[in-house]
Amino acid sequence: MNGLKLVGKSVLRKDGPDKTTGKARYTVDVDLPGMLVCGIKRSPHPHARILRIDTSKAQKLPGVKAVITGIDTKGIKHGFVETPRYLPDQSILAYDVVKHVGEEIAAVAAINHEVLAQALKMIDIEYEILPAVFDVEDAMNPDCQVHIHPNHPRVKENYCNIAGKTQTQWGDIDAGFKEADLIHSDRFESHLRTHGYMEPQTAVADYRGDGTLHMWISSMGHFNKRKKLARTLKMPDASIRIHKAYVGGAFGGKIDLFSHEYCVAALSIKTGRPVKYVASREEIFIAYRHGQPLISEIKTGVKKDGTIVAQQLRMINNAGAYKGSGVVIIFLAWGFTMIPYRVENFKYEGYSIFTNNPTRAPLRGHGAPQVRFAIESHMDIIAEKLQLDPIEFRLKNARVPHEELPNKDNVHNCGLIECIKEAAFKTDYTNRRNLRPKTDRLDDSNPIKQGIGLGVSAYFGGSLIYPNGSSAIVKMTDEGSVDLLTGAIELGQGSETVLCQIVGEELQLEMDDIRIISSDTATTPPDIGAWISGMTYVTGNAVREAAAGVRKKILQVAAEQLNEKTENLKLANKSVWVADNPEKRVTYQDIFQASITRQKGDTIIADGHWRTMRDEPFHPSLASTKGRWTENYAFSVQVAEIAVDTETGEIKLLKATTVHDCGFPINPQLVQGQIDGQVSLALGHAFMEDVMMKKGYTLNPSWLDYRMPLIHNVADSKGVDVITENYQTGHSFRTKEVGEGLVSAILAAIANAIYDATGLRLYSTPFSPEKVLKGLKQLKKNRGLL
Amino acid sequence: MICWPERISGGSLDSKKMKLSQFDHKTPTSRKEVVDLLTNLGQDSAILAGGTDLIPNMKNGTLMPKTLVSLKHLTAEKEHLTKDGSLKLDALSTLSQITESPLIKEKAPSLAQAAFHVGGQQIRNRATLGGNLCQESRCLYLNQSHDFQFVEACYKRAGDCCYPFPDGGKICRAVFMSDMAPVLITLGAHLVVLGSHGERQVDIADFYTGDGLKPVNLGPTELITSVLIPLESQKMQCRFFKATPRGGLEFAMVSIAVALTLDKNKKKCSKAVIAVGSINTKPLRALEAEKHLTGSLLNRSDIVEISKNAANEIKPLPHHGYSRGYLKQLVEVYIKRSLIDIIKTVDNKNG
Ligand SMILES: Cc1cc2nc3c(=O)[nH]c(=O)nc-3n(C[C@H](O)[C@H](O)[C@H](O)COP(=O)(O)OP(=O)(O)OC[C@H]3O[C@@H](n4cnc5c(N)ncnc54)[C@H](O)[C@@H]3O)c2cc1C
Ligand code: SF4
């Protein structure tokens, strides 16, 4: 492909040998001499006033080295979002009111777990139980008597417990609806599920005599963590060093500062000894952050020919006890609505509502699965009402290449139309859907019904979030290999592999010639972090620039050595030669030496930097959506083929076809891995994963009772690339995103396939056997079959 | 600044969560010695077989025995046919052994199948038959550590409340979820129990009390030594179905065992036993359906009716998030499917 050496190839993973031989070190493996263990005393109540905390008994217990409570951390606030509009609202340790079960109240450092467990039990806390609210619509009801926080001061509506609001509109919504031949409204709900990362939440802190704090954290981006730690601990950034450790999965759940991270640091400072905290799986299920249930109300006006003329949305998010990423998801939900289809007249309102549930985090897709499930189901419903082919209906409204979005972003080489056509073609969609007579859907001769469904999604990549950009350094060694220094964190997604491929491509090196030093805040440059689906694009381009800088230096020195113009030079096999005279060559090793002697000691080092939208200072407003968001939109269409057992309600995803437009795939096998991973994540979402909560308590806090798919549940998944970006060596690597967008359309596709198979339209996730069976029963009743 | 990777070494015990409370551990070498130990130690001791049920329950604090009497130094007798033709299984047989044994697969295929559907491979490698039959009943509120939620002990943990059924009365409705028990009930198995008063045999149908607080009829000094499956069961048509949301590594929503004794031409049913597991404090029988089947010729339309009636007479407790109504539906479908499967087999053999 284009004479490329490494990029575009499925080279082996850089971290593969470490991980397959068990050598890889994770934070849970960090064990320092004299290390203490930390445990956290948590609230047993969803809403209560703390009247008294007595730690004296615990403090006296032999083996207990330190105890901290809310008194020690009073006044320190942090939050997922920390902006002038959305001020940080979480305390490190609660000191007046606890607002959800599992909220942190005290932290203990002890010499072992036996002492720790005893000490935690000995902390005596007196509470006054307060009334609590859990259901999002109960919480926002103006008559709600429970006020978890004061309403957001800038939202004047007569609702309760408003954490935040996003609103935007364009065109003329009333005029739009007047033009419509059909106006249709639906309401969809999604449920609570969690990330299911294998490595628990964990952190180690080691405060040294020289005033430096060393930490290991299972995180998704060390620079963001360090910033928040420095601010809350009131220490200079430079005194905190977060070391590299592999991360055993995160899926959005390990982004912002967690109380335990601050606590291990504070306890290490207090005791002068290293302190480690490992959350139990139960703590993670009960007290940590899950994804976010959304209610989506959609009203759409459509012309007979399928043109969408108006759309109005109202999204409600159950944020939990603190803002968390709840005020972000209502912004993102707008984005995931507006990307794929053109709507001239549009109105959006998103509410984030406090309840006495644990705080929420992003979860791979961060709103997109919920939104696309709603919209794509809604699209199929409308298509049927208007007797339109669902494919044609989507094509009619789909964004075209180089179209400008309402927020002034450009979709550039958007591949949506190609994706829709390709998905329909590859799965023979139209024939397979229409050939089946509708009447056989509920006849009982064969309880197994098959169906096919399709969904569309789009996702942004690499937008602005602290530190807003990535830098990288590439430096040569005397034998002509290179070191890559990057702040990027390997959490299983393959960042180390992809970044080395990029360096190797620029410098024509083998993978083994590149050593990667990563995610260490003291030795590597800042990095944007492994979220917002931007690492390959943002960090990848920083790395490419750094490698290109080294390449330029190599060529310069070689040109001098060979007495040739740089344009006439070629490089491969760690040497440079003259294009028409391959004998005339000089090795990287010689170039390195020559550079030092001739170039005033330059050991051939270069840096590179990247950020999205260099002309935009900030992320767009979360409240008004104003401002540009990204230059990187990836599109996808997914088709689900399913079988429904209409007697038991069980559904099996037989096959998932993913057609996507991720830009240039640096490593196709990693892309396929992302596709398969997302399809299985969506499958869990669709059929079995469900954090069961009752009054703020979690009923199934274990792997046994929270069911994630097993290997035999995983569907046959097929990926088709629609590569729309032209790739040329020397130009920016036009990657887009492939890590989050593909959990969404497939969820919608499954819902549409259930309808195709049985005539049952589901308006909420999960599509559990019980719900399916109930729905089918109702359907049969309605049709006089029961 | 220098790097410190040399200071990172392998994890020590202390860096892991160790939540098992302290206990004493005895390793008797004979069954008699087990009984003697249990007699001497009294209430605070427990038998440890494979530990796949006991240890998790100790970790989450549901059970806190002071002494574990381990069966690990006892050797399990190999499964065999006794003089009267019964199939005899040692209570110490692991579920993997039961799954793989050619003799069991031939003489009690539904039992081998049920064993195969317990947990996952690693669990079956350790899990024993005796442990399976004596496992603790389960409840979402019970099977967690109560470190900071549901801290107030429920009846089952010697406290004074019940979370899912707060109607008072000190009744625990935790569900008994053994997959082996319903099958053994349909096969008419007897348990051989050894205790300080000697050996007794108990019909497995009488072994389960239906009391969530004490689900099995076993004295504090007793252990199950073996399981006897009578000869007549070997001629029956038996089926086992386990309904789960993901098809593996999990307890059942409902498990169904069916055994029919058919006459020579394989059409008329002379005896029927249907047991339903995992939906109540003990395995339930579909007695009306059994009566209906007994003496009747098997045919599909009757079966649809019989399964419906069976679902009506079975009274599930809502458990693990599944509603009564849904569980009833599952009972109906899986009884129907079991019976239809039997008809199919018989038709194939006859035709
Ligand atoms: C992840 C997971 C999944 C599981 N899935 C299933 C499932 O699908 N179906 C299912 O049925 N079970 C399941 N189990 C429960 C358990 O693993 C099995 O029931 C197993 O057979 C128990 O046997 P054991 O030898 O490990 O029992 P142990 O844990 O050793 O003992 C269990 C109880 O029986 C008592 N006991 C043991 N042996 C005897 C004896 N000979 N006489 C008298 N009392 C005795 C013990 O004192 C203890 O109270 C699962 C467990 C786990 C952890
Ligand atoms: S059903 Fe039994 S185990 Fe469950 S909460 Fe009630 S008493 Fe406890």
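The values are calculated or read from the model by the stated rules, or taken from the named source; none is laboratory data. None of these values were measured; they are calculated from a predicted model. When we count neighbours, we look across all protein chains shown, and the Cβ atoms used for this are built from the backbone with ideal geometry, even at glycine.
Numbers below:
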read-out	value
All strands (runs of 3 or more DSSP E) inside segment B:218-283 with 2 or more residues being hydrophobic (A, V, I, L, M, F, W, C) and within 11 Å of ligand 1 (Cβ to nearest atom)	B:223-229
Strands (runs of 3 or more DSSP E) (entirely within segment A:522-633) containing at least 1 residues that are at pLDDT 95 or above and under 30 Å from A:Ile242 (Cα atoms)	A:605-610
Residue among A:Ile308, A:Ile316 that alone is in contact with a strand residue (DSSP E or B) (Cβ under 8 Å, 6 or more places away or on another chain) and under 24 Å from A:Val411 (Cα atoms)	A:Ile308
Hits in segment A:362-384 (condition: not in a helix (DSSP H, G or I) and not hydrophobic (A, V, I, L, M, F, W, C))	A:Pro362, A:Arg364, A:Gly365, A:His366, A:Gly367
Any hit, segment A:512-525, residues being more than 30 Å from A:Asp237 (Cα to Cα) and within 28 Å of the chain's Cα centre (by Cα)	no
Condition check for A:Ala682: outside any loop (DSSP other than H, G, I, E, B), buried (at least 23 other Cβ atoms within 10 Å of the Cβ) and not hydroxyl-bearing (Ser, Thr, Tyr)	yes
Filter result for A:Thr630 (under 30 Å from A:Asn541 (Cβ atoms), of a type in the set (S, T, N, Q) and assigned by TED's automatic domain parsing to the domain that holds A:Ala751)	yes
Of residues in segment B:133-183 being hydroxyl-bearing (Ser, Thr, Tyr) and more than 11 Å from ligand 2 (Cβ to nearest atom), the one farthest from the other protein chains (Cβ to nearest Cβ)	B:Ser178
Residue among A:His195, A:His214 that is within 14 Å of another protein chain (Cβ to nearest Cβ) and of a type outside the set (Val, Ile, Thr)	A:His214
Strands (runs of 3 or more DSSP E) wholly inside segment A:394-502 containing at least 3 residues that are farther than 30 Å from A:Lys574 by Cα and assigned by TED's automatic domain parsing to the domain that holds A:Glu631	A:448-460
Test: B:Leu68 is within 8 Å of ligand 1 (Cβ to nearest atom) and either at pLDDT 95 or above or touching a strand residue (DSSP E or B) at 6+ places or on another chain (Cβ under 9 Å) (or both)	no
Test: B:Lys315 is on the phi < 0 side of the Ramachandran plot, modelled with pLDDT under 95 and part of a loop (DSSP other than H, G, I, E, B)	no
Test: residue in segment B:112-126 that is within 16 Å of ligand 2 (Cβ to nearest atom) and either polar (S, T, N, Q) or farther than 17 Å from B:Asn57 by Cα (or both)	no
Leading residue by the ranking (farthest from the chain's Cα centre (by Cα)) among those in segment B:318-327 that are crowded, with 19+ Cβ neighbours inside 10 Å and more than 8 Å from every other protein chain (Cβ to nearest Cβ)	B:Leu327
Residues (among the acidic types (Asp, Glu) and within 17 Å of B:Leu187 (Cα to Cα)) located in segment B:67-119	B:Glu79, B:Asp84, B:Asp90, B:Glu106
Residue check for B:Ser307: in a helix (DSSP H, G or I) and without any contact (Cβ under 8 Å) to a residue 12 or more places away in the chain	no
Output for segment A:659-701, where each listed residue is under 28 Å from A:Phe460 (Cα atoms), small (Gly, Ala, Ser) and out of contact with any strand residue (DSSP E or B) (no Cβ under 7 Å at 6 or more places or on another chain)	A:Gly673, A:Gly677, A:Ser680, A:Ala682, A:Gly684, A:Ala686
